[in-house]
1. Scanning the range 166-182 for residues that are aliphatic (A, V, I, L, M) and modelled with pLDDT of 95 or more, which turns out surrounded by the fewest Cβ atoms within 10 Å (Cβ to Cβ)?
2. Among the residues of the range 15-70, write down those that are under 20 Å from A2 (Cβ atoms), of a type in the set (V, I, T) and out of contact with any Pro (no Cβ under 8 Å at 6 or more places or on another chain).
3. Of (1) modelled with pLDDT under 70; (2) within 13 Å of L137 (Cα to Cα), A213 satisfies all except one. Which?
4. Can you name the condition, by its number, that I3 falls short on among (1) aliphatic (A, V, I, L, M); (2) under 15 Å from the mean Cα position of the chain (by Cα); (3) over 17 Å from A100 (Cβ atoms)?
5. What tally of residues in the range 11-25 results from selecting those that are free of Cβ contacts under 8 Å to residues at least 24 places away in the same chain and assigned to a strand (DSSP E or B)?
6. So, in the range 39-91, of the ones that are touching a residue at least 60 places away in the same chain (Cβ under 8 Å), more than 19 Å from K24 (Cβ to Cβ) and within 19 Å of the chain's Cα centre (by Cα), which residue ends up surrounded by the fewest Cβ atoms within 10 Å (Cβ to Cβ)?
7. Filter the range 15-33 for residues that are over 14 Å from L98 (Cβ atoms) and in contact with a Leu (Cβ under 7 Å, 6 or more places away or on another chain) and give the result.
8. Condition (residue is of a type in the set (A, V, I, L, M), farther than 24 Å from L102 by Cβ and part of a loop (DSSP other than H, G, I, E, B)) applied to the range 161-171: is it met by at least one residue?
Amino acid sequence: MAITKSPGLVLQRIAFGDTSLILKVYTADHGLITLIAKGAKTPKSKFRALVDFFLVLQWVYPSGGRGEIWTLHDASLMEDLPHIRRQPVKQALGQVWLEAYLRLSPGAGEAAQRFDWLAQHLQSLDAAEGQADLNRLSIDFMVGFCHLSGYAPQFRVCIHCGESVEDPRLRMHMELGGPVCRACRKPGEATVALSREAARLIERCEESGWLCAAPSQIHVQAAETFLWSFLHRHAGEGHRLKALDIYREMTSEG
């Protein structure tokens, strides 16, 4: 059986018996995989403090086996992201990204590119200073994740007639990924309202990776909610991200 060495990040930890852990890990080589770290909870285990969140590790595991759960052979630290673990707001945003990868990432195709996107944004999150940085990173992450998943919304032209849409409050067709103009709007057509300000924040991140100076937290949250809902519509199933609710509670104004 072939042995693989691949960089990866823990997305989820599940207790297995009294001493072991089941790990959901996103790797550069195989995308999302499941590993069992035998004895990881015992005091003398080398894995006890190592297989944790916000640590980039080199994972050693068998590949090509028949089972869906592979046994972890070894792991070593490649990069520590200590400020995320020590700062609750950063940790909350990082958990949003980990949950997005856990729920929405496809198979191993283009796994290296997706892994790099997650790792780079976690590095930026570790170095971020202030809520403005977190706002930019939050929207930029989701915009890029939409593109990496093959689903990218647009906000300029009607998805039915192709004419420019300048309404201050857009009616977004989630299935077709764009606004519906007043002339083309049909009774009962399923659309989601999005403020022009929130749409501009998303476009700004698409164009340059930067938001306008100190955007309103309301518009930031509206942009986050739209991007998550859009991606969820096309790539995921189930309920909204639980980690996003926690992050939002921590960053809500007033």
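The values are calculated or read from the model by the stated rules, or taken from the named source; none is laboratory data. Note that this is a predicted model, so its numbers are computed, not measured. Neighbour counts are summed over all protein chains in view; Cβ atoms, including those assigned to glycine, are modelled from backbone coordinates with ideal geometry.
1. Among them, the one singled out is V180.
2. Answer for the range 15-70, where residues must be under 20 Å from A2 (Cβ atoms), of a type in the set (V, I, T) and out of contact with any Pro (no Cβ under 8 Å at 6 or more places or on another chain): V25, I33, T34, I36, V60, I69.
3. The one condition A213 does not meet is (2).
4. Looking at each condition in turn, I3 falls short on (2).
5. Here the count works out to 3.
6. Step one: filter the range 39-91 for residues touching a residue at least 60 places away in the same chain (Cβ under 8 Å), giving 54, 56, 62-65, 73, 78, 88-89.
Filter once more, so that each one left must be more than 19 Å from K24 (Cβ to Cβ): 64, 88-89.
Filter once more, keeping what is within 19 Å of the chain's Cα centre (by Cα): 88-89.
Working: P88: 12, V89: 15.
Going through the qualifying residues, I end up with P88.
7. The one that is over 14 Å from L98 (Cβ atoms) and in contact with a Leu (Cβ under 7 Å, 6 or more places away or on another chain): A15.
8. Initial filter on the range 161-171 (of a type in the set (A, V, I, L, M)): 165, 170.
Filter once more, so that each one left must be farther than 24 Å from L102 by Cβ: 165, 170.
Now drop any that are not part of a loop (DSSP other than H, G, I, E, B), which leaves 165.
For the range 161-171, residues of a type in the set (A, V, I, L, M), farther than 24 Å from L102 by Cβ and part of a loop (DSSP other than H, G, I, E, B): present.
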